[in-house]
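Presented below is the structure to which this report refers.
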Amino acid sequence: MHFRQFYLGCLVHASYFIGSNGEAIATSILEQRGFDRISNVVGGITACMPLAERERVKIVNRAPKTLAPVVMDEKRLPQVFSNLIKNAIQHSSPGATVHVEAGEISLDDRLWIECRVKDSGPGFQTEDLPRIFDPFFTKRRGGTGLGLSIAQRIAQEHGGKIAARNHSEGGAEIVVRMPVEREL
């Protein structure tokens, strides 16, 4: 695993000095930039409220405020949730509800924060599921096909995982898992 990937969300500053034997020695200082609560999904919800109001779609936030911390880029990670929520709103009918949920899960001997965004739209076509995170793939008229691919890239850069499926009650569901990190 690369240092950059493991500590994404932290800035690494290297300074060099000459050691007693004349070698250049590099030292690193981690400057934390966003060791924060994943409940910052609220930022994604807030960013999507004007669209939700315009489309007459209700957003129900079930993301608790007390979750384990994750190392995150405080500007980029909320974009994941903004993109997912925006996508859910755009695929829901007026009067529908988009549900945003979050919680801690243990998986593969590791603690994760799992966030789910569920819409009330038609769901994904089965044949489209393998391609929905591909850049420029869209089925929505006027869509760019970039929202889900950007969300996937940011989640992966943070050591996270993202998956899509149709949920049993109908509609689409996107699940994002972010690894919980120990405090630095």
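FYI, it's all coordinate maths here, none of it is from the lab. For clarity, every value in this text was computed on a predicted model and none was experimentally measured. Neighbour counts run over all protein chains shown; Cβ positions are idealised from the backbone, glycine included.
From the phi of every residue in segment 106-113, what ³J(HN,Hα) in whole Hz does the Karplus formula 6.51 cos²θ - 1.76 cosθ + 1.60 yield, where θ is phi - 60° and glycine or proline is x?
Per residue, the Karplus-derived 3J(HN,Hα) values read 10, 8, 6, 6, 9, 8, 10, 9 Hz.
Give a quick list of chymotrypsin sites (Phe, Trp or Tyr not before Pro) in segment 99-184 that DSSP marks as loop, anything other than H, G, I, E or B, with at most 14 other Cβ atoms within 10 Å.
Passing both the DSSP loop test and the Cβ count: 136.
When the convex hull of the C-alpha atoms of segment 34-179 is computed, what volume per residue in Å³ does it have?
108 Å³
Taking amide hydrogens as modeled 1.01 Å from N in the peptide plane, which residues meet the under 5 Å criterion relative to residue 59, leaving out close sequence neighbours?
Hits under the 5 Å cutoff: 98.
Mind checking segment 76-184 for GluC sites (Glu not before Pro) that DSSP puts in a loop (not H, G, I, E or B) and that have at most 16 other Cβ atoms within 10 Å?
Those satisfying the criteria are 169, 183.
With each label point set 7 Å from Cα along the Cα-Cβ vector, what nm distance links residue 163 and residue 93?
3.0 nm
Given R₀ = 22 Å, FRET efficiency for residue 153-residue 56 by Cβ-Cβ distance, to 0.05?
Result of the calculation: an efficiency of 0.10.
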